[in-house]
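*Asks:* First the structure, which I've put down as structure tokens, then a few questions once you've had a look.
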Amino acid sequence: MLKDLAPGGTFLLNSPLGPDRVWDRLPEGVQRRLIEQRAKFFVIDGNKVARDAGMGGRINTVMQTCFFAIAGVLPAQNAIEAIKNSIRKTYAKKGDEIVGMNLRAVEETLAHLYEVEVPDAVAGVVDAGRRDQRSRLQPNGELKRAPQFVCNVLGEIMAGRGDRVPVSALPNDGTYPTGTTQFEKRNLASEAPVWDPAVCIQCGKCVMVCPHAVIRSKVYEATVLHAAPSSFKSAEARLPDWKGLRYTLQVSVEDCTGCGICVDVCPARNKSEARLKAINMQPQLPLRESERENWNFFLSIPEMDRRKVPTDYVRKMQIQQPLFEFSGACAGCGETPYIKLLTQLFGDRLIIANATGCSSIYGGNLPTTPYTRDQNGRGPAWSNSLFEDNAEFGLGFRVSIDKQQEFAGELLQRLSPQIGRRLTTEILNARQRDEADIFDQRERVIDKRSAVGDRRYSATSARAGRHACAQERLDCRR
Ligand code: SF4
Ligand code: SF4
């Protein structure tokens with residue numbers, strides 16, 4: 001972060017830790033750099049200032065004020081007056097309340113911006129040894145569990161060292177692995193939702209609206225809980241269809257953006273304390289370690305067979321695994337919940353022709369990809385056309401798929417003597433309307449491949465969900 005810090009430069013940090021605690025929590029390398037460069041160091045809890053001024057999570061006015069107060073590009077007082085005039089002009093149409101909120105935020109910023117004294121030597125680093133043992137790229141070591149390609153190529157790009165990655169390390173055919181946002185762990189949120197199983201009515205609304213697929217639910221056999229961490233929460237599943245099973249709502253706090261939409265939408269109130277709901281925002285930092293462990297355990301719980309999950313009720317279908325997760329879309333994005341829902345409903349066979357716009361930026365960017373795969377290696381296929389012509393682009397997909405299907409039918413007829421007339425007819429005439437139909441058709445295709453001796457798709461490996469020809473670099477399953 002301080003690579004470009006000039007001698008005598010200024011470092012401003014937005015942190016919930018005050019001026020008396022923040023120094024000890026800086027990594028050793030950051031402390032050293034500040035000392036070496038004889039830098040000035042300022043800290044502000046920008047999120048708190050914005051929240052207290054009534055601006056929610058919008059910290060732009062706060063951080064802009066900090067910049068002009070300490071950068072010295074203009075005399076501070078003149079700069080602050082200019083910001084206030086600009087606020088009056090910019091927000092005039094939105095009414096006095098919004099103008100007042102922003103002006104209050106400017107005043108509060110100045111009152112809560114602190115200079116931290118930089119000592120002469122590195123001191124008081126909390127947990128230094130532990131930090132050093134961990135990945136140099138991610139403080140939580142998530143990349144250590146990642147495939148080699150993610151560590152050596154995507155991790156380097158994430159760390160801002162993409163220009164050092166040799167061309168030989170990049171995929172020859174431009175194919176990048178999917179499901180790689182899971183390794184980023186951006187820890188953006190100062191607050192994250194915490195579930196109260198006693199109040200929750202298991203409606204699934206919070207899961208459905210989360211723009212980043214951070215909050216999820218699963219229904220499972222109680223025996224699974226034998227291996228659960230002590231702080232892992234569960235409740236009896238309330239729906240009659242799931243009688244005797246357990247229900248868990250789990251948040252990946254390290255992927256949460258803190259938008260609070262899940263809490264806004266929650267309809268269940270705590271009867272003993274009306275201000276509380278069945279999920280409530282709490283400071284993220286104290287939750288981080290325990291919820292990381294809970295999240296990892298949650299991921300290990302088997303997904304329910306898709307054939308058993310009805311898709312006509314939100315509360316039922318929201319236990320389906322989303323195949324679009326942790327995208328870089330803005331906090332509170334209104335588009336991504338729909339994409340996520342689409343991947344829950346059809347993600348293992350979804351084909352997306354994306355126009356250029358936000359959805360292509362967060363959907364197909366580098367270094368990481370939010371589209372992911374299920375335990376069988378199936379997930380959405382996605383491509384982007386540069387211009388606003390995704391209808392034509394998608395039509396091309398359709399025409400091509402129809403042609404491939406026609407060709408596959410012809411090949412199947414030719415193979416009929418080998419695989420048998422019955423299997424041929426069944427494959428060609430299969431009804432493929434619901435999950436059960438699709439499952440049956442996939443089984444028939446596996447039988448057919450097995451019958452013709454396709455070694456890449458042996459029945460055993462395909463049924464076990466292992467794609468025999470998957471290359472190591474593409475194998476990014478959890
Ligand atoms: S706060 Fe926002 S990102 Fe976090 S779980 Fe709730 S809806 Fe998802
Ligand atoms: S919205 Fe509230 S009541 Fe519904 S599942 Fe989420 S936490 Fe439970």
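The values are calculated or read from the model by the stated rules, or taken from the named source; none is laboratory data. Being a predicted model, the structure only gives us computed values, none of them experimental. Every residue, glycine among them, receives a Cβ derived from its backbone with ideal geometry; neighbour counts consider all protein chains shown.
*Asks:* Being assigned by TED's automatic domain parsing to the domain that holds W242, of a type in the set (S, T, Y) and modelled with pLDDT of 95 or more is true for just one of S290, S359. Which residue is that? Working first, answer last.
*Replies:* Values: S359 fails: modelled with pLDDT of 95 or more.
Every option except S290 fails the conditions.
*Asks:* Would you confirm, using the coordinates I've provided, whether V49 is among the β-branched types (V, I, T) and either modelled with pLDDT under 90 or out of contact with any helix residue (DSSP H, G or I) (no Cβ under 8 Å at 6 or more places or on another chain) (or both)? Lay out the reasoning, then the answer.
*Replies:* Working: among the β-branched types (V, I, T): yes; either modelled with pLDDT under 90 or out of contact with any helix residue (DSSP H, G or I) (no Cβ under 8 Å at 6 or more places or on another chain) (or both): no.
Taking the combined requirement at face value, the residue does not satisfy it.
*Asks:* Ok, one more. With respect to L299, is the statement that it is under 16 Å from A213 (Cα atoms), in contact (Cβ under 8 Å) with a residue 24 or more places away in the chain, of a type in the set (A, V, I, L, M) and in a helix (DSSP H, G or I) true? Please lay out each step first, then the result.
*Replies:* On the way: under 16 Å from A213 (Cα atoms): yes; in contact (Cβ under 8 Å) with a residue 24 or more places away in the chain: yes; of a type in the set (A, V, I, L, M): yes; in a helix (DSSP H, G or I): yes.
It is true that L299 is under 16 Å from A213 (Cα atoms), in contact (Cβ under 8 Å) with a residue 24 or more places away in the chain, of a type in the set (A, V, I, L, M) and in a helix (DSSP H, G or I).
*Asks:* Could you pull out the residue among E426, E410 that is without any contact (Cβ under 8 Å) to a residue 40 or more places away in the chain, surrounded by 15 or more Cβ atoms within 10 Å (Cβ to Cβ) and among the acidic types (D, E)? Break it down into steps so the answer makes sense when it comes.
*Replies:* Numbers: E410 fails: surrounded by 15 or more Cβ atoms within 10 Å (Cβ to Cβ).
Result of the check over E426, E410: E426.
*Asks:* Among the listed residues P193, P240, identify the single one that is away from ligand 1 (no atom under 16 Å from the Cβ) and either surrounded by 14 or more Cβ atoms within 10 Å (Cβ to Cβ) or over 26 Å from P370 (Cβ atoms) (or both). Give the steps one after another, and end with the answer.
*Replies:* Working: P193 fails: away from ligand 1 (no atom under 16 Å from the Cβ).
It is P240.
*Asks:* Something else about it: When you look at A274, is it among the small types (G, A, S) and in contact with a strand residue (DSSP E or B) (Cβ under 8 Å, 6 or more places away or on another chain), yes or no?
*Replies:* Criteria not met by A274.
*Asks:* Additional query: May I ask you to list the residues in the range 92-142 that are at pLDDT 90 or above and part of a loop (DSSP other than H, G, I, E, B)?
*Replies:* Scanning the range 92-142 gives G95, L113, E117, V118, P119.
*Asks:* Considering each of E156, E236, E191, E184 in turn, give the residue that is acidic (D, E), under 24 Å from the mean Cα position of the chain (by Cα) and within 16 Å of ligand 2 (Cβ to nearest atom).
*Replies:* Numbers: E156 fails: within 16 Å of ligand 2 (Cβ to nearest atom); E236 fails: under 24 Å from the mean Cα position of the chain (by Cα); E184 fails: within 16 Å of ligand 2 (Cβ to nearest atom).
The conditions single out E191.
*Asks:* Filter the range 200-237 down to the residues that are more than 13 Å from C259 (Cα to Cα), out of contact with any strand residue (DSSP E or B) (no Cβ under 7 Å at 6 or more places or on another chain) and touching a residue at least 24 places away in the same chain (Cβ under 8 Å) and list them by number.
*Replies:* I201, C203, K205, M208, E221, V224, A227, A228, P229, S231, F232
*Asks:* Would you point out which residue out of R246, R275, R216 is more than 10 Å from ligand 1 (Cβ to nearest atom), among the basic types (K, R) and buried (at least 16 other Cβ atoms within 10 Å of the Cβ)?
*Replies:* R246
*Asks:* Something else now. Among the helices (runs of 4 or more DSSP H) lying completely within the range 329-428, list those that include at least 3 residues that are within 15 Å of the chain's Cα centre (by Cα).
*Replies:* On the way: elements: 336-346, 358-363, 390-419.
Answer list for the range 329-428: 336-346, 358-363.
*Asks:* May I ask you to list the residues in the range 207-218 that are near ligand 2 (Cβ under 10 Å from one of its atoms) and touching a Leu at 6+ places or on another chain (Cβ under 9 Å)?
*Replies:* If we filter the range 207-218 for residues that are near ligand 2 (Cβ under 10 Å from one of its atoms), which is where we start, we get 207-210, 215, 217.
Answer for the range 207-218, where residues must be near ligand 2 (Cβ under 10 Å from one of its atoms) and touching a Leu at 6+ places or on another chain (Cβ under 9 Å): V207, M208, I215, S217.
*Asks:* For the range 278-303, name all the residues that are within 15 Å of ligand 1 (Cβ to nearest atom), of a type outside the set (F, W, Y) and closer than 21 Å to G204 by Cα.
*Replies:* Correct list: A278, I279, N280, M281, Q282, E291, N294.
*Asks:* Please find, among V49, V73, the residue that is under 21 Å from L13 (Cβ atoms) and within 28 Å of the chain's Cα centre (by Cα).
*Replies:* Working: V73 fails: within 28 Å of the chain's Cα centre (by Cα).
Matching residue, one of V49, V73: V49.
*Asks:* Please tell me if R269 is surrounded by fewer than 20 Cβ atoms within 10 Å (Cβ to Cβ) and at pLDDT below 95. Before you say what the answer is, go through the steps one by one.
*Replies:* Details: surrounded by fewer than 20 Cβ atoms within 10 Å (Cβ to Cβ): yes; at pLDDT below 95: no.
For R269, the condition - surrounded by fewer than 20 Cβ atoms within 10 Å (Cβ to Cβ) and at pLDDT below 95 - is not met.
*Asks:* Considering each of G258, G204 in turn, give the residue that is closer than 23 Å to E335 by Cα, assigned by TED's automatic domain parsing to the domain that holds P310 and within 14 Å of ligand 2 (Cβ to nearest atom). Talk me through it step by step, then tell me what you get.
*Replies:* Values: G258 fails: within 14 Å of ligand 2 (Cβ to nearest atom).
Every option except G204 fails the conditions.
Matching residues to (1) in a loop (DSSP other than H, G, I, E, B); (2) touching a Phe, Trp or Tyr at 6+ places or on another chain (Cβ under 6 Å); (3) surrounded by 16 or more Cβ atoms within 10 Å (Cβ to Cβ):
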site	(1), (2), (3)
D4	yes, no, no
G18	yes, no, no
R32	no, no, no
G54	yes, no, no
G57	yes, no, yes
T61	no, no, yes
C66	no, no, yes
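*Asks:* So which residues in the range 196-207 are small (G, A, S) and within 14 Å of ligand 1 (Cβ to nearest atom), if there are any at all? Let's see the steps before the verdict.
*Replies:* Initial filter on the range 196-207 (small (G, A, S)): 198, 204.
The one that is small (G, A, S) and within 14 Å of ligand 1 (Cβ to nearest atom): G204.
*Asks:* Which count do you get for residues in the range 34-52 that are of a type in the set (K, R), more than 14 Å from L113 (Cβ to Cβ) and outside any loop (DSSP other than H, G, I, E, B)?
*Replies:* Of the residues in the range 34-52, the ones of a type in the set (K, R) are 38, 40, 48, 51.
Imposing the further condition that a residue be more than 14 Å from L113 (Cβ to Cβ) reduces the set to 38, 51.
Still in the running and outside any loop (DSSP other than H, G, I, E, B): 51.
Of the residues in the range 34-52, 1 are of a type in the set (K, R), more than 14 Å from L113 (Cβ to Cβ) and outside any loop (DSSP other than H, G, I, E, B).
*Asks:* Just need a number here: residues in the range 219-231 that are more than 16 Å from ligand 2 (Cβ to nearest atom) and either of a type outside the set (S, T, Y) or in contact with a helix residue (DSSP H, G or I) (Cβ under 7 Å, 6 or more places away or on another chain) (or both).
*Replies:* Of the residues in the range 219-231, 9 are more than 16 Å from ligand 2 (Cβ to nearest atom) and either of a type outside the set (S, T, Y) or in contact with a helix residue (DSSP H, G or I) (Cβ under 7 Å, 6 or more places away or on another chain) (or both).
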